[in-house]
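Structure first, commentary second.
FYI, it's all coordinate maths here, none of it is from the lab. This structure is a prediction, so every number in the text was calculated from the model and none was measured. Note: ideal-geometry Cβ built from the backbone for every residue, glycine included; neighbour counts use all protein chains shown.
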Amino acid sequence: MATEPETAEPVVPSLVDRYFTRWYKPDVKGKFCEDHCILQHSNRICVITLAESHPVLQSGKTIKSISYQISTNCSRLQNKVSGKFKRGAQFLTELAPLCKIYCSDGEEYTVSSCVRGRLMEVNENILHKPSILQEKPSTEGYIAVVLPKFEESKSITEGLLTQKQYEEVIVKRINATTTS
């Protein structure tokens, strides 16, 4: 009796993989392995997340708290955007801090914008449940949403790495640590 060969189920790409292009910024501000991922939508909106290799996601760290209070006078939670022209949005540079992540082991990580633009929103859900930052970093655990200026939307990817380039950086890091 002949059996029919099993056909593999087609892999359906995730929502993020279908509608966003992943860009990476390795070693943000010169801090080893503190990598950020920027998910760029076709409408130019950028979602800032942690890259898979970030120490918060890799080391099994426990997040104690997350703060959008950047300085005594600046809180990203005070960002109020209104209207068609996004009035009231805070303007960010590439190195502008978005939030600070405090871990139970005393380590502190600052997440930067990595793109110039207006801050559309921050993810307040991670304040109440910081574990989603680790469980679902590129969906529910995102850090913030930034809208680059229209005329800069093509140039924001300069200085960022594609998925393939980023994977090459990770391989080089692994090879460097295994040889030393």
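222 nm [θ] for the chain, helices only, -39500 (n - 2.57) per DSSP H run of 4+, per residue, to 500? Spell out each step's value before the answer.
On the way: 5 runs with 35 residues, N = 180.
So the helix-based figure for the chain works out to -5000 deg cm²/dmol.
Size of the chain along its principal axes in angstrom, Cα-based, largest extent first?
75, 45, 33
On a 0 to 90° scale, report how tilted helix 163-179 is relative to the longest principal axis of the chain, with both axes built from alpha carbons and the result rounded to the nearest 10.
The answer is roughly 80 degrees.
For residue 104 and residue 178 in one chain, what is 0.36 nm times their gap in residues minus the Cα-Cα distance, to one decimal in nm? Could you put the intermediate results ahead of the total?
Details: separation 74, 0.36 × 74 = 26.64 nm, distance 2.81 nm.
Taking 0.36 nm per residue and subtracting the Cα distance, the gain is 23.8 nm.
Under 15 Å from the Cα of residue 149, which aspartates and glutamates turn up, not counting those fewer than eight places away in the same chain?
In chain and number order, the partners are 94, 158.
Please compute the modelled spin-label separation between residue 87 and residue 163, points set 7 Å along Cα→Cβ, answer in nm with one decimal.
The modelled label-to-label distance comes out at 4.1 nm.
If each Cα of segment 27-74 is one equal point scatterer, what is log10 of I(q)/I(0) from the Debye formula at q = 0.16 Å⁻¹?
One equal scatterer on each Cα of segment 27-74 leads to -0.64.
In terms of modelled amide H atoms, which long-range or inter-chain residues lie less than 5 Å from the amide H of residue 120?
145, 146, 147
Which entries in 25/84; 100/136; 25/61 show an alpha-carbon gap greater than 24 Å? Each step should come with its number before you reach the end.
On the way: 25/84 30 Å; 100/136 18 Å; 25/61 21 Å.
Check vs 24 Å cut-off fails for 25/84.
Once the other residues with Cβ under 13 Å from the Cβ of residue 63 are scored (Lys, Arg +1; Asp, Glu -1), what is the net sum? Before the final figure, lay out each step's value.
On the way: positive: 61, 64, 100, 129; negative: 105, 107, 108, 135.
Charge balance in the 13 Å sphere: 0.
Alpha carbon centre of segment 139-180 versus segment 47-90: separation in Å?
That distance is 17 Å.
Along segment 21-35, what does the Karplus equation 6.51 cos²θ - 1.76 cosθ + 1.60 (θ = phi - 60°) give for ³J(HN,Hα), rounded to whole Hz, x for Gly and Pro?
These are the phi-based 3J(HN,Hα) values: 9, 8, 10, 10, 10, x, 6, 4, 6, x, 8, 4, 6, 7, 9 Hz.
Out of 146, 169, 12, any idea which swings most in a Gaussian network model of the chain, alpha carbons joined below 10 Å?
12
Which residue, 59, 75, 112, has the most motion in a Gaussian network model of the chain that connects Cα atoms within less than 10 Å?
59
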